[in-house]
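K.L.:
I'd like to ask some things about the structure below.
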Amino acid sequence: MEHQPDHRSGEDRQKVAVTPAQAAMQTTDTIAAIATAPGSGGIGVVRISGSCSREIATAILGHCPAPRNAAYLAFRDADGSLIDRGIAIYYAAPHSYTGEDVLELQAHGGSALMQLLLARCLALGARQAEPGEFTRRAYFNDKLDLTQAEAVADLISAATTEAVRSAARSLAGEFSARIHALRDKLVDLRLLVEACLDFPEEDIDFIAQGDVAGKLEMLEAELCSVFANARQGSLLREGIRVVLIGQPNVGKSSLMNQLAGEEVAIVTPVAGTTRDTLHSAIQISGVPLHIIDTAGLRDTTDEVEQEGIARTWRALESAHAALFLIDAAHGIGENEKTVTERLRKDLPKLWVHNKIDLTSETPGKVECDGERHLYLSAKTGAGMDVLRNELLNIAGWQPAGEGIFMARTRHLEALKQVGRHLQQATHLLAQPELLAEELRLAQEALNTITGEFTSDDLLGEIFSRFCIGK
């Protein structure tokens, strides 16, 4: 990927003082890696970044191409023998993805050929890049902020069209722009409150005249808007875990096959056929859903089935929603009521009355005593559209719009923390010192999102999850 435009102001691009751990990350040596996926392909790319890029280009190509011009050249080994012919592009610092001198060698994509070309670069003084090191250098050289850097990995791993579009918006800086706009308003408010502290002898009520309460209210409203879009983006990235539970032979595996659109689970009339948790990843309107079929919940002496039931309960501990299947002909019995008492109180639950093809019920949704009941047939597919829509409602999904950007759990937690500090600030209008402290803490929490203030451990964790060569 070539250099991305930087939409931040000079002040926005300033990071906190570099710590020793960060300084260790900001090495000036030259790195190299295969930037394309493992395996064979029509084209493979070896990427080099660092001060030795020009020398490596000269050694392999005979000369360094003009910056930002694609040149078709021979790639040669140390003894002058031909490795391959391909495209070489040189990007001179600072106009590159990493902000350093960068060389990209595009050759035929055979695994052995890529390894040979990489070995040639390493022999010329480069070292093997660590996972995410190219993007980490782009971050430290102010080419990307932290949300944009994370968006690079999200764009690569996006599994749906909507996820791709949202990650692209984050990479283009839309998420960062919203955070910076919030931060600027917060800074203006802090300045107003600090004036009250700096001039206590003046007979001026800065808090009232500056309408601090009104500005706080507007900040909270803007924060809610950003959080809503970020939460939608988090759904696109993470998806939701939906666990199918119920007694044996109520149609859990059939329902899973209907949702997946293929025969991923074995279906037989024999109760207890499913003895382990089965996973299937699907998408509904671009939102990833991780469907987990489980062993039927019943008393049994079969040791294998007992282990399957234990795994069912473990799956429910981390689930975002549970589909409780029952036979429409039998309804909810004592067994189902006993199971519901063991479910997490905060776990959204849907009663799914299956096998209506054998009864007189019509497909659809019914609200009863504050609980949702769906009537469908996993065998014929009747009522499945209602179920899909209800799963999206449980997830909190709204129709995707242009304002949705990719977000991660850490972003949501930081925004929640900002909200708590702003809410606390509203109760401290009569105590300017404490009010100022809450606003400062809110700004610090906000800054962790884009990386203006971020712990070294978090940086290491984020970039270590990137693929090598990115």
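K.L.:
With a probe of 1.4 Å, find how much accessible area the stretch 55-164 has per residue, and write the answer as a whole number in Å².
P.N.:
Numbers: 4230 Å² over 110 residues.
Value for the stretch 55-164: 38 Å² per residue.
K.L.:
Taking loop as defined by DSSP and a crowding limit of 14 other beta carbons within 10 Å, which GluC sites (Glu not before Pro) in the stretch 368-431 fit?
P.N.:
Values: sites: Glu371, Glu390, Glu402, Glu413; in loops: Glu402.
Filter output for the stretch 368-431: Glu402.
K.L.:
Calculate, for the stretch 346-432, the solvent-accessible area per residue in square angstrom, rolling a 1.4 angstrom probe over the heavy atoms of the protein chains.
P.N.:
Counting only protein heavy atoms, the per-residue value for the stretch 346-432 is 50 Å².
K.L.:
Ranked by accessible surface with a 1.4 Å probe, highest first, in what order do Val187, Val212 come?
P.N.:
Details: Val187 40, Val212 0 Å².
Result, largest first: Val187, Val212.
K.L.:
Can you tell me how much longer the chain between Thr161 and Glu413 gets when fully stretched, taken as 0.36 nm per residue apart minus their C-alpha distance, in nm with one decimal? The partial results should precede the final answer.
P.N.:
On the way: separation 252, 0.36 × 252 = 90.72 nm, distance 2.56 nm.
Taking Thr161 through Glu413 to full extension adds about 88.2 nm, to one decimal.
K.L.:
With labels modelled as points extended 7 Å from the Cα through the Cβ direction, what inter-label distance (nm, one decimal) is found for Asp188 paired with Glu217?
P.N.:
Rounded to a tenth, the inter-label distance reads 1.7 nm.
K.L.:
Work out the FRET efficiency for Glu433 and Ala66 from their Cβ-Cβ distance, taking R0 = 45 Å, and round it to the nearest 0.05. Spell out each step's value before the answer.
P.N.:
On the way: r = 60 Å, r/R0 = 1.33.
It comes out at approximately 0.15.
K.L.:
Expressed as a whole percentage, what fraction of the accessible surface of the stretch 400-451 belongs to carbon and sulfur atoms when a 1.4 Å probe is rolled over the protein heavy atoms? Intermediate results must be reported in sequence, preceding the final value.
P.N.:
Numbers: 1080 of 2180 Å².
Carbon plus sulfur share of accessible area: 49 percent.
K.L.:
Ok, one more. Can you grab the distance from the C-alpha centre of the stretch 224-258 to the C-alpha centre of the stretch 419-450, Å, no decimals?
P.N.:
One Cα centre to the other: 35 Å.
K.L.:
Hey, another quick one. Cα centroid distance between the stretch 74-149 and the stretch 41-71, in Å?
P.N.:
Between the Cα centres of the stretch 74-149 and the stretch 41-71 lies a distance of 7 Å.
K.L.:
Another question about this same structure. Below 27 Å, Cα to Cα, which lysines can Lys337 reach? Residues fewer than 8 away in the same chain don't count.
P.N.:
Lys252, Lys345, Lys349, Lys355, Lys365, Lys379
K.L.:
On a straight-distance basis, which lysines could pair with Lys215 in a cross-link, Cα separation under 22 angstrom, same-chain partners fewer than 8 positions away excluded?
P.N.:
Result set, ordered by chain and number: Lys185, Lys416.
K.L.:
Between Ala329 and Asp346, what is 0.36 nm times their sequence separation minus the Cα-Cα distance? Round to one decimal in nm.
P.N.:
On the way: separation 17, 0.36 × 17 = 6.12 nm, distance 2.86 nm.
Once the chain is fully extended between Ala329 and Asp346, it gains 3.3 nm.
The values are calculated or read from the model by the stated rules, or taken from the named source; none is laboratory data. Since we're looking at a predicted model, the values are computed, not measured. Note: ideal-geometry Cβ built from the backbone for every residue, glycine included; neighbour counts use all protein chains shown. Surface areas here come from the heavy atoms of the whole protein model, side chains and all, with no ligands, DNA or RNA. Shrake-Rupley method; radii C 1.70, N 1.55, O 1.52, S 1.80 Å.
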